[in-house]
Amino acid sequence: MRLFLATDALDDVRWATERALIDGVVLPDSALSGGHSADASLTWLTDFARAAAMPVFVSLDATTAVAAEAEAERLGRAAEHVVIQLPFAEPYIPLMHRLASSGVKVAATFVGSASQAMLAARTGVAFLFLDVDRIDAGGGDSGTVLRQARALLDHGACEADLVAVFPAPGAPIVSCATAGADAAVIGAAALRAMVAYPFTDQSLLDPARRPVHGERLRVTPA
C-alpha cells in the first residue's frame with residue numbers, strides 16, 4: 001500500500017523521501033492561502049510540486065462551482081503531477097467529470113461509504129479519498145466499508161485508486177491495507193511514530209543490548 005504524506009513542509013517530504021517511505025503529498029487546505037495573489041499561490045505550488053517530484057494533492061479555495069472550475073484548471077497546470085481535490089457533493093460532481101475528461105487528475109474527497117465510492121468512480125476521477133477516520137469516529141467500521149468499496153471497484157473494472165484518509169498508525173493502517181486500500185493519507189508525526197519501533201530504539205541506544213553474531217535483538221525490563 002502506498003503512503004501519501006499530509007504536509008506542506010518540504011523538510012518532512014525530504015525526510016520521508018530519503019527513506020523511500022512515501023509516494024505522494026497531500027497539502028493542507030490552507031497551503032495556498034498564504035500567497036498574496038493567485039499568481040503567487042500558483043508559483044508556490046509549482047515550486048513545491050517540482051521539489052517533491054511526486055503526486056501533490058491540492059484543495060481549492062473557491063466556494064462556487066464556477067470559481068472552482070477556473071481555479072482547478074489553473075492549478076492543474078502548475079505541474080504534471082498535481083492532483084486537484086474536489087468534494088464528492090453537489091454542485092462539484094459535474095465538474096469532477098469535466099475535469100477528469102479533459103485530462104486533469106482529480107481526487108474525490110469526503111467519500112463516506114462504499115456506494116459513494118462507486119458513484120464517484122463513475123466520474124472518471126483518479127483517486128477516491130475514503131474518510132476512514134470519520135467513519136470510525138462515528139461508530140462505523142471503516143474496514144468493512146473499504147472491503148465493500150474494493151469489491152465494487154474491482155467488479156466494475158474501475159482504475160481509480162482507493163485511498164484511506166488518516167487511519168491511525170499501527171494496526172488500523174495495516175487493516176486498511178488488508179481491506180484493499182491502494183494508499184493511505186498519514187501525517188508526518190504518525191509516520192515518524194510508525195518508524196520508531198520502541199524495542200529496536202531501546203536496544204540500539206544500549207550497547208549491551210545490540211545484537212552480535214546475528215543474535216535477535218533483546219529488550220530487558222527497565
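What follows draws every value from the coordinates through simple rules; no lab data is involved. Owing to the predicted nature of the structure, the values given are computational and were not obtained by experimental measurement. Ideal geometry is used to build each Cβ from the backbone, glycine not excepted, and the neighbour counts take in all protein chains shown.
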TODO: Tell me which label goes with the value of P(r) over Cα pairs in 10 Å bins from 0, in percent computed from the coordinates here: [x] 8, 34, 38, 18, 2, 0; [y] 8, 30, 32, 18, 7, 4, 0; [z] 8, 31, 27, 17, 11, 5, 1, 0.
DONE: [y]
TODO: May I ask you to list, by number, the DSSP H helices of the chain whose Cα span along the axis is at least 20 Å and whose average Kyte-Doolittle hydropathy reaches -1.0 or more?
DONE: 38-52
TODO: Can you tell me the dipole magnitude for segment 2-196 around its Cα centre, using point charges on the Cβ only (Lys, Arg +1; Asp, Glu -1), in Debye to the nearest 20?
DONE: 320 debye
Task: Order of Ser33, Ser102 - criterion: other Cβ atoms within 10 Å of each residue's Cβ, fewest first - done: Ser33, Ser102
Open item on the list: Loop-only trypsin sites (Lys or Arg not before Pro) in segment 81-152, please: DSSP not H, G, I, E or B, and at most 14 other Cβ atoms within 10 Å.
Closed with: Arg122
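Taking the Cα centre as origin and putting +1 on Lys and Arg beta-carbons and -1 on Asp and Glu beta-carbons, what dipole magnitude results for segment 92-205, to the nearest 20 debye?
Dipole magnitude for segment 92-205 comes out near 280 debye.
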Task: Within the chain, longest stretch clear of exposed GluC sites (Glu not before Pro) (DSSP loop, no more than 10 other Cβ within 10 Å) - done: 1-79
Task: Selected from Ile135, His155, Tyr197, residue furthest toward positive end of dipole (the chain; charges at beta carbon) - done: Tyr197
Task: Lys, Arg +1 and Asp, Glu -1 on Cβ, resulting dipole of segment 1-84 about Cα centre, debye, nearest 20 - done: 220 debye
